[in-house]
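The values are calculated or read from the model by the stated rules, or taken from the named source; none is laboratory data. Quick caveat: nothing in here was measured; it's all calculated off a predicted structure. Neighbour counts run over all protein chains shown; Cβ positions are idealised from the backbone, glycine included.
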Amino acid sequence: MKTTELEVKVIEFVASKVENIDVSKITSASKFEGLGFDSLDTIRLLCDAEDTFGIRFDNDQANTLRSVGDIVDYISKQQPHN
């Protein structure tokens, strides 16, 4: 599967928030829990993602985001398609 530009940006963003994990080990399938995020860390991650990617997570939707790929999918649905 080809990695999209958005995936790369989200993976690099998540990697910048994780300690002791090489960016090459993070994929779209990586779960936040598996990366060492607890629930508070995940909330912080999503808040930072809002600022970084210029989007807003719906509270109900944010509660369902569990992986890097979930963030990629959510952002791609929020951004206008050209």
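Observations
- All conditions but one from (1) surrounded by 14 or more Cβ atoms within 10 Å (Cβ to Cβ); (2) touching a helix residue (DSSP H, G or I) at 6+ places or on another chain (Cβ under 8 Å) apply to SER67; the one that does not is (2).
- Residues being surrounded by fewer than 15 Cβ atoms within 10 Å (Cβ to Cβ) and under 15 Å from ASP73 (Cβ atoms) - total across region 9-45: 4
- Any chance SER76 is at pLDDT 95 or above and in contact with a helix residue (DSSP H, G or I) (Cβ under 9 Å, 6 or more places away or on another chain): no
- Any chance ALA62 is within 13 Å of the chain's Cα centre (by Cα), hydrophobic (A, V, I, L, M, F, W, C) and surrounded by 13 or more Cβ atoms within 10 Å (Cβ to Cβ): yes
- Looking only at region 30-64, and only at residues there that are part of a helix (DSSP H, G or I) and charged (D, E, K, R), the one that is farthest from LYS9 (Cα to Cα): ASP60
- Residue that is farthest from LEU65 (Cα to Cα) [pool: residues in region 21-31 that are free of Cβ contacts under 8 Å to residues at least 12 places away in the same chain and not small (Gly, Ala, Ser)]: ASP22
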